Amino acid sequence: MTIFILLEKMYSDFESDVFAKPKDNSFHSSINQIAQTFDGQELYPFIQEKAANLLYFIVKNHSFVDGNKRIAASCFLYFLDKNKALITINNETIISNEALASLTLFIATSKTDEAGTVKRLVISILNRNIK
């Protein structure tokens, strides 16, 4: 499954004319930003950095008419799962639903100048279960 199939499935679950309706191309930009390189080096070399930035970018870019936070959280989980970083060595999810909902709302209400701190918090939560 790709992120776009995930979005189509979510769209059918919500039965809305506006849920997941793109406002512009910023969703593609959010996805592409985590794969950026400079001088042959990845800007975000670790999965946790990429995941935190993906969550942040999708929430903050407001790419959709409705569902930005739900879509961001789903893409975040999808990305972690595809990179085998969602489940701990103890077979538990790396982040609870409640923690993810709280982080997503925290990102949505944060100020732009707090971006670095917010992303570091997400990375810290993801790293706490790495052995």
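Count of the range 43-102 residues, restricted to those that are touching a residue at least 12 places away in the same chain (Cβ under 8 Å), of a type in the set (Lys, Arg) and either in contact with a helix residue (DSSP H, G or I) (Cβ under 6 Å, 6 or more places away or on another chain) or not in a helix (DSSP H, G or I) (or both), is 1. When the range 79-105 is limited to residues that are within 13 Å of residue 126 (Cα to Cα) and among the hydroxyl-bearing types (Ser, Thr, Tyr), the one that is farthest from the chain's Cα centre (by Cα) turns out to be 88.
Within the option set 20, 51, being buried (at least 19 other Cβ atoms within 10 Å of the Cβ), of a type in the set (Gly, Ala, Ser) and at pLDDT below 90 holds for one residue only, 20. For the condition of a type in the set (Phe, Trp, Tyr) and within 11 Å of the chain's Cα centre (by Cα), residue 76 qualifies.
Of the numbered conditions (1) surrounded by fewer than 21 Cβ atoms within 10 Å (Cβ to Cβ); (2) closer than 30 Å to residue 21 by Cβ, residue 63 fails exactly one; give the number of that condition. Unmet for residue 63, out of (1) surrounded by fewer than 21 Cβ atoms within 10 Å (Cβ to Cβ); (2) closer than 30 Å to residue 21 by Cβ: (1).
The values are calculated or read from the model by the stated rules, or taken from the named source; none is laboratory data. Note that the structure is predicted; figures quoted are calculated from it, not measured. Cβ atoms come from the backbone with ideal geometry, glycine included; neighbour counts cover every protein chain shown.
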